[in-house]
Amino acid sequence: MDRAQDIAKIAEQEKVLVFDSFDEARAFSIGSLLRERGLAESLPIIIDIRFWDRPLFYAALPGSTGSNFDWARRKRNVVEMFHKSTYRMGLELSRDDKTFPPGHGLDPSEFILAGGGFPITVKGVGVVGVIAVSGLPQRQDHELIVSALCEHLGRNARSLTLSAAE
């Protein structure tokens, strides 16, 4: 995997996977896509879709744990603060311990550098919420979200796929 290429591709994903509008029905549709795929593939994940002020969709699939809920919460916090995907943040800061550098002043119990948090961006408005998935390796959490967004938005998933992991 080439880190710089992946960072550029994730920035492209964030730019392209934008909604004209976003509401409870869209959250349910995307959450349902993620849930159905998770069930079909026996993925031990949680799915959490939120506006900043309230939850819109939540599902805990078989094999997921309370720890996954906590990881998703910390991923949500990162997206809310930086308006970027958590996988992109993790690649940009490149820290093995998945915590922010001390100079950021962010409590590791509240913020985590792990993929699986993606901003919900509305054209002309900006980032209004987050989609978080937790339970798989971080790259897979991220790719699962991107795949569902591509399907929902009618985007070519192949053109937005990250390079093959090594």
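Structure notes:
- Number of the exception - SER94 against (1) on the phi > 0 side of the Ramachandran plot; (2) small (Gly, Ala, Ser); (3) at pLDDT 95 or above: (3)
- The helices (runs of 4 or more DSSP H) found entirely in the range 1-100 that carry 3 or more residues being of a type in the set (S, T, N, Q) are 66-82.
- For beta carbons closer than 7 Å, sequence separation of 6+ or different chains, a first residue in the range 2-14 that is touching a residue at least 12 places away in the same chain (Cβ under 8 Å) and a second that is of a type in the set (Asp, Glu) and assigned to a helix (DSSP H, G or I), the qualifying pairs are ILE7/GLU92.
- Filter result (within 21 Å of ASP48 (Cβ to Cβ) and small (Gly, Ala, Ser)) within the range 5-37: SER21, ALA25, ALA27, SER29, GLY31, SER32
- For LEU113, the conditions (1) in a loop (DSSP other than H, G, I, E, B); (2) surrounded by 18 or more Cβ atoms within 10 Å (Cβ to Cβ); (3) modelled with pLDDT of 95 or more are fulfilled apart from (3).
- Summed over the range 8-42, residues that are surrounded by fewer than 16 Cβ atoms within 10 Å (Cβ to Cβ), over 18 Å from ILE120 (Cα atoms) and not polar (S, T, N, Q) total 5.
- Residue satisfying condition, being more than 16 Å from THR99 (Cα to Cα), touching a strand residue (DSSP E or B) at 6+ places or on another chain (Cβ under 8 Å) and in contact (Cβ under 8 Å) with a residue 12 or more places away in the chain, within set ALA59, ALA72: ALA59
The values are calculated or read from the model by the stated rules, or taken from the named source; none is laboratory data. In this text the structure is predicted, and so the values were computed from the model without any measurement. Please note: Cβ atoms are built from the backbone with ideal geometry, for glycine as well, and neighbour counts cover all protein chains shown.
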